[in-house]
Amino acid sequence: MKRVITYWFVFLALLLFVTTCSISCCSKRVAEEKKVEIKKDSLVQDTNVKQVVEISKAIKDSSSHYMPDLKTGKGKECDSLCNEKYREALKAINFYKKSGANSYQMFYDEKTKFLYTIAEMQATINMKTDSISKLKKVQHNTKETVKVVERKVYPKWLVALAVLGTLFIVFIGYRISLIFKPEV
């Protein structure tokens, strides 16, 4: 019995060897061409510049406001005291500012009880620059290459025989394992 099993293993090993040799010998090499495109792109910054000129005209303005006496409702003594402090504060407002051709003046006239403001502003020119930046995609060049790829192709009948041979070997291995399996 052991001799028969030994012959089966030698036969299967020989069958596997012959199948492997015949598959590797019968394979054909097929060349395929593949086209590959290589594109080179880059991002370029596109800037648009707008200049806005704003001209304002000269301004000459004056205003006057009457500053009446205070009446607190707590008597003439309180009113006179409050009016005195009130008029002193208004006298302190007197000032005159000048910068180039522009001037601003504010003062209080005690006799008429008016607060005057006088402003003279010259024409001004304001220039605003707005820039808008955008990124643009620019294609520089395209390179096309052709690659030759070789691959092995086996005949269908040979692949079918290899699959059947593998299944046969698995089946024989299963049957042999049943012979040597100890019974419990």
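Every number here is computed from the coordinates shown, using simple stated rules; none is lab data. Since this is a predicted model, take the numbers as computed values, not measurements. Virtual Cβ from ideal backbone geometry, glycine too; neighbours counted across all protein chains shown.
Some observations on this one:
- Backbone N atoms of the range 99-132 closer than 20 Å to the 7 Å Cα→Cβ label point of Thr72 are not found in any residue.
- A straight chain from Phe11 to Tyr86 at 0.36 nm per residue would run longer than the Cα-Cα distance by 14.2 nm.
- Whole-Hz ³J(HN,Hα) from phi, Karplus 6.51 cos²θ - 1.76 cosθ + 1.60, for the range 147-163, glycine and proline x: 9, 9, 10, 9, 9, 8, 10, 9, x, 5, 5, 6, 5, 5, 4, 5, 5
- Stretching the chain fully between Glu144 and Lys111 yields a gain of 2.3 nm (0.36 nm per residue, less the alpha carbon separation).
- Net +/- balance of residues flanking Asn94 in space, Cβ distance below 11 Å, scoring K and R +1, D and E -1: -1
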